[in-house]
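Only one structure is covered here, and it is reproduced in the block below.
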Amino acid sequence: MLKHYLKVTLRHFYREKTYALINVLGLSLAIACALILFLYIRSELTYDQHNVNHERIYRIANVYTTNGKSDRFAASSHALGPLFLKEFPQVGEFVRFRDPGRGLYRYEDTAIFWTDVRLADENAFRVFTHKAIYGDLENALADPFAIALSESFSRAYFGDRNPVGEKLKTDVFDFRVTAVFEDQPDNSHLKYDALISMNVLENYGLSDQNASPQQLFSIGEYTYIFLSPDLDQHALETMFASFYDKVMSELGKRIQLSAEFITQPLAEVHFDSSLGYDELTGNVFYVYGFFAVAVFVVLVACINYTNLATARATKRAKEIGMRKIIGAERWQLIVQFMGESVGYALVALLLGGFLVVLAEAFTPLSSWLGKGALLDLSGEPLVIMWIVMGTILIGVLAGIYPALYLSSVAPLSALTATKRIRSSGLHLREILIFLQFLVSVGVLASTVLMQIQMRYVASKPLGYDEENKLSITLRGVETLERILVIRNELLKNASVLGFTESSYVPGQGVAIQLLQVENNQGQMERTTLNHIAVGKEFIDVMDIEVIEGRDFSKRLLTDVGTSVVVNETMVKNMGWENPIGKRIQEFNARVVGVVEDFHFASLHEPVVPMFLRPFPPADFSNVPPLQRPLQARTIIVSVAGEDVFRTINYIDSVISEIDPEHPFEFRFFDDLLNEMYENETNLMHLTSVFAGICMFISCLGLFGVAAFTTELRTKEIGIRKVIGATTLQIITMLARNLMYLVVVASVLASLLSYYVMNIWLDVFAYRVDIEVWVFIAASLVVAAIAFTTIAAQSSKTALSNPVNALRYE
Amino acid sequence: MIISASNITKIFRTEKVETTALDEVDLEVDEGEFVSLMGPSGCGKSTLLHILGLIDSPSDGQYQFLGEEVGKYPEHSRGRIRKANIGFVFQSFNLIDELTVYENVELPLIYNKTSVRERAKRTQSVLEKMDMSHRMDHFPLQLSGGQQQRTAVARAIVNSPKLILADEPTGNLDSEHGDEVMGMLRQLNGEGSTIVMVTHSEHDANFADRVIHLFDGKIQSEENRKREYA
C-alpha cells in the first residue's frame, strides 16, 4: 500500500510539474527559514546549558542604591567570593572571572592583541565544563603564571601542535601554557580566548587572605557560586541577605549606600539585560519575534499547499471518485493525501537543508544571527529527530484539510461535473489567501519601519562631529610619558587636524561614581555620576558646542582646583539655575562651562548626566613597576577627509617609532558607533530577507491559485469576451475578489504591525514616530505584486481567442 | 435474487427546481442475468444504475442487494458492500491516469486487502484474459480506447464481483472495439456474472437477456430477448 502511494505521489509530481514546483519551492524556502530560526532559537534558549553543572551555578549581581536611585551591575567585588565563603563555608565554591583588558600576547615573532582573555580562579575548569585538547585542565590554573588557551588562540601561535610548556610573553609577565581547551560553544554568555590564573594578582598584593569588607563596595569582576547540591537558590538568597546585614550594612550606612545581591541561575544570565557592566546579553523579544516569523513563514507555505491542493480537487475528483467506487475507504484516501503532503514536506526538508548550507556558505547569515555554523548537528541525533518530526508535522498541517476535503468527494464525482466541489473549497481558500496577505503586509511594513529607525539612528546628530576621527590606544608608561611628543609630531602633518585624549570612546564602559555635588541651594548632595577624563582640546576637537561658560582649554587665574564642564542633562538633573561655579567635592572641582548633550553611548540609552574633567598632568613616577606596562590611554586624532590612509600611515610611523613594542591599532569613530547597533542592523537584514521570502512564497501560492481559478472560469471568460468584455475587464474581474482581501488584510496587518513595532522601537531612547504612509505604501506594494501575479496568470486566457475558451468545456 | 428494488424514486433538488429522475421504479435482477437498460437521454437510466451500484442513494423506496436492505445505508456502509461485490465499467473508462494498466487493475485488490501474492496472480490472470498483459506497464493515455475499456473491464472483474454494472461501455468506442468489449461482457455473463448495462445502442442491447426501456424516470416496457450468442 505504501509503495503504491509513493508511486502515485511521484507520478503526480512528475505530471504536474508546475504545481509540484510551487509546493516544493514554497515549502523548501519555508522549511529553510524555519530550520535556521529553530536552530537559532534553540541556541538562544540553551545558553550555558552545555555546562554539566549549570543548575548549580549562580552568578552574583548587585543592586546599589543611593538617594533612592538604584543601579544594577552584573559585576561584583573581588572580595565578595572569599568573604562570603568565610561566613558560609557550606555554600560550595566560588569562581571569579576578571577582565585584564585588551592585551598583546607574543610568542617568538607572532604578536597578537586579544580582547577576551580573562583571569580566573583555579577551579574554573572544574566548575564550568570544557573539553581538554592538551594538558590537564583540573590543575591548569594552579600556577600564578599559568595560561590555558582555547583552540583558536593556540592555533594562532602554534598551529596544530601541542603548546603545553611554551611561554607566552605579555607586557608584564611571561605565562606558561598549561592546557588547551576546545573553543566554547557560541551560546556561552561569558566567552574567553584564554584564561590566566587569578593567582597572578598576588603579584599586585591582591590576595583572598587580605580581602576586606571595604572592597565590597567597588566592583570589577564576575563572581559565580557553585552551590553545594543540598542547597537551593532560595537558601543562597537568604545567605546573601544575612551576609549583607552582617558584613556590609554598617559600612553602607556610613557612605549612604545600600546594596542588595541578585542570584542569577547560569542558564538565565543570557536573557537578563537589566544589568550594567555585563557581557552582551540576548533579547527574549527577538526570540519571540523570530519564533513568530518562523511560524508565519511555515504558515504561509502550508496555506499555499492547502490552497493549491483544494483548488486541484476538481482535477483529482475523477481519481478520488473512481478509487471510492472500486473500494477505497475514506481513511485510506486520507492516508494517501496526508502521505503526499508529508512526502512533499520531507523532500522540502532535504532541499531546505541544502538551502541553509548554501546560505551559510555564501551569505552573511551566520553573522547576522550572531552564531557559528548552525547546521553542524553531528552528534545531535535528538535535534535531527526533532527536525524530522517538525517537518512531518508541517506536512500533516499542510495536508490535513486537503485530505479531509478531498476524501469527502462523493464517488459520483468521478462521473459527473464537479461544480459542487469547487464552490465549497472557495471560502476557505479566500480565508487562507487573506492570511497570507495579512502576514505579507505586516512583515513588509515592519521591515520598512525598522529601516526608517536605523536610518534615523545613523543620521541623528550626535552633538559632536564623528567624521574622520580615529581612536588609538597608547600603552605603557614609556609611551604615555611621551604623549606630548606624539601630539606635536602628529600635528606637524597638515592632514592631522586635531589631537586630544579621552578616557572613554563610544562603545566602552564609562566610569560611574558616587560623588558629592553642590545642589541648587548650595548644599552638598550625594549622587552617582558619569565622568570622562579628557584632553584640554577635547571639546574643540570633537566640535561639541559650549552653551554656557567656557571649556577648560585655557586656565584662568581665578580658577580654583579642577575645572569641569558638565552636560545639559546634568544641569537639568541637578536643577541648577546657575551652573557655573558649582562644586564637585571629590575632584575639588568647579563647573566652568556647560556643553550641549552629546551621545557617546548608543541611542538606546538616554543621555545621562555627566561631566568632563581634564586629565591630571601625565606624571607616572609613582606607578609601581608591575603596573607601568599596563597603563593605557586612548587618544582621538581628527584627520582630513582626503587621503585618509596616507595620514593613517603617517600616524602609524610616528607612534610605532615611539612604541615599537606594540603593533599599531586604530578604530574609526564611525565603526565604533555602528557596532553599537549591530544587533538591530542584523535584525533588520534578517527581517528583510524573511519579508522577501514571505512575499515570494505568498506570490507562488497566489500564482497557483490564480491559475486554477482562471482554469475553472475559462468558459465564463470565453462567453464574456464574445459578448464584448475587454482583456483588462477580464483580468480585473478575476482579480477583484482578491483585491478586496488585500484591502481588509492591509488594515488588520497595519494595526498589528503598529503594535509590535511600537514595542520594538521602545528599545531606543531616541526613536522615530510611526507614520501612516508606511502602512499605505506596504499595502500598495503587496496589492501591486498580487495584481501583477494574477494578471500574469490570467492574461493568457484573457488574451486568447474566445473560441478556445469555449471549446474548453 | 441479486437485486430487488421497489418504488425507487430519485429527486434532484436545486434551490428553485425539483427534477424527478426516477419515479417509483420496481426492478428485480436474478443472479446470472444480463439486463440492458435503454431509453433516451435524461430518462434516468444512469441514475438507476448508480443507485443499483450503491454509488448514489435513492430519495425514496426500498432496495435490497443480496437480500440486505441497503437503500438508506450511509456511504461508508455502501462502500463496504460495493468493494466486495460490484464491478463498474464506464463509457469514459475512468482509469486513473497516474497508474499503469497493471496498477489500475490491481487497485481494487489493494483496497480489499488481498495478499500481495494473490494480487499478482489474479491481476496477471485477468489481464491475460482481457488480452492486455502485453500492455500492462503502459499508462492509460498511451492506450487506444478499446484497450482502455478492456483494462476497465479487467479492473471491474478482478475482484470476481457478483454484479458488473456497465454504463454505455461502448459509447466512446468504434464498432469493432465496441463489439470486442460486448463479446467480453457476454463471455463473463456466460461464466456466471450478473450484468446490468445502460446503453443507447439497440445493437448492444441485443447482447442482453432482458431489455428494460425507461422513459421520464419510469419503466415503460420490458422484453426478453433471445441471445445472439447462445
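The values are calculated or read from the model by the stated rules, or taken from the named source; none is laboratory data. Note that this is a predicted model, so its numbers are computed, not measured. Cβ coordinates were reconstructed from backbone atoms using ideal geometry, including for glycine residues, and neighbour counts include every protein chain displayed.
Residues of region A:473-502 that are touching a Lys or Arg at 6+ places or on another chain (Cβ under 8 Å) and among the aliphatic types (A, V, I, L, M): A:L474, A:V477, A:L480, A:I483.
If you go through region A:46-59 and keep only what is within 24 Å of the chain's Cα centre (by Cα) and not polar (S, T, N, Q), you end up with A:Y47, A:D48, A:H50, A:H54, A:Y58, A:R59. A:M322 passes every criterion in (1) within 14 Å of chain B (Cβ to nearest Cβ); (2) of a type outside the set (D, E, K, R); (3) closer than 14 Å to A:L404 by Cα apart from (3). Does A:M676 satisfy being touching a Pro at 6+ places or on another chain (Cβ under 7 Å), under 23 Å from A:P364 (Cα atoms) and either modelled with pLDDT under 85 or not hydrophobic (A, V, I, L, M, F, W, C) (or both)? The answer is yes for A:M676.
When the strands (runs of 3 or more DSSP E) confined to region A:546-648 are screened for residues that are closer than 15 Å to A:E518 by Cα, those reaching at least 3 such residues are found at A:562-567, A:589-595. On the stretch given as region B:112-140, residues that are within 13 Å of another protein chain (Cβ to nearest Cβ), farther than 19 Å from B:H177 by Cβ and surrounded by 19 or more Cβ atoms within 10 Å (Cβ to Cβ) total 2.
Restricting attention to region A:149-186 and to residues that are under 35 Å from the mean Cα position of the chain (by Cα) and among the aromatic types (F, W, Y), the residue that is nearest to A:E44 (Cα to Cα) turns out to be A:F181. Filtering B:L107, B:L95, B:L49, B:L99 for residues that are touching a helix residue (DSSP H, G or I) at 6+ places or on another chain (Cβ under 6 Å), within 25 Å of A:K315 (Cα to Cα), within 14 Å of chain A (Cβ to nearest Cβ) and crowded, with 17+ Cβ neighbours inside 10 Å leaves a single hit, B:L95. Within region A:17-42, the set of residues being among the charged types (D, E, K, R) and in contact with a helix residue (DSSP H, G or I) (Cβ under 8 Å, 6 or more places away or on another chain) comprises just one member, A:R42.
Can you spot a residue in region B:122-139 that is under 30 Å from B:T20 (Cβ atoms) and at pLDDT below 90? So far as region B:122-139 goes, no, none of its residues is under 30 Å from B:T20 (Cβ atoms) and at pLDDT below 90. Looking across region A:12-40, the residues that are surrounded by fewer than 22 Cβ atoms within 10 Å (Cβ to Cβ), more than 23 Å from A:P381 (Cα to Cα) and not β-branched (V, I, T) come down to A:H12, A:F13, A:Y14, A:R15, A:E16, A:K17, A:Y19, A:A20, A:L21, A:L25. Taken as a whole, the structure places A:L137 among residues that are buried (at least 19 other Cβ atoms within 10 Å of the Cβ), over 30 Å from A:H662 (Cβ atoms) and without any contact (Cβ under 8 Å) to a residue 60 or more places away in the chain. Just one of the listed residues (A:S502, A:S446) is crowded, with 20+ Cβ neighbours inside 10 Å and modelled with pLDDT of 90 or more, and it is A:S502. Taking the criterion of being assigned to a helix (DSSP H, G or I) and among the aliphatic types (A, V, I, L, M), the residues of region A:229-268 that qualify are A:A235, A:L236, A:M239, A:A241, A:V247, A:M248, A:L251, A:L266, A:A267. With respect to A:A348, determine if the residue is crowded, with 21+ Cβ neighbours inside 10 Å, in a helix (DSSP H, G or I), away from every other protein chain (no Cβ under 14 Å) and of a type outside the set (D, E). Criteria met by A:A348.
All of (1) within 20 Å of A:H50 (Cα to Cα); (2) over 35 Å from the mean Cα position of the chain (by Cα); (3) among the basic types (K, R) hold for A:K131 with one exception: (2).
Applying the criterion of being of a type outside the set (K, R) and touching a strand residue (DSSP E or B) at 6+ places or on another chain (Cβ under 6 Å) to the residues of region A:115-131, the residue that is surrounded by the most Cβ atoms within 10 Å (Cβ to Cβ) is A:A120. When the test is whether a residue is within 14 Å of another protein chain (Cβ to nearest Cβ), of a type in the set (S, T, N, Q) and surrounded by 15 or more Cβ atoms within 10 Å (Cβ to Cβ), A:T9 passes it.
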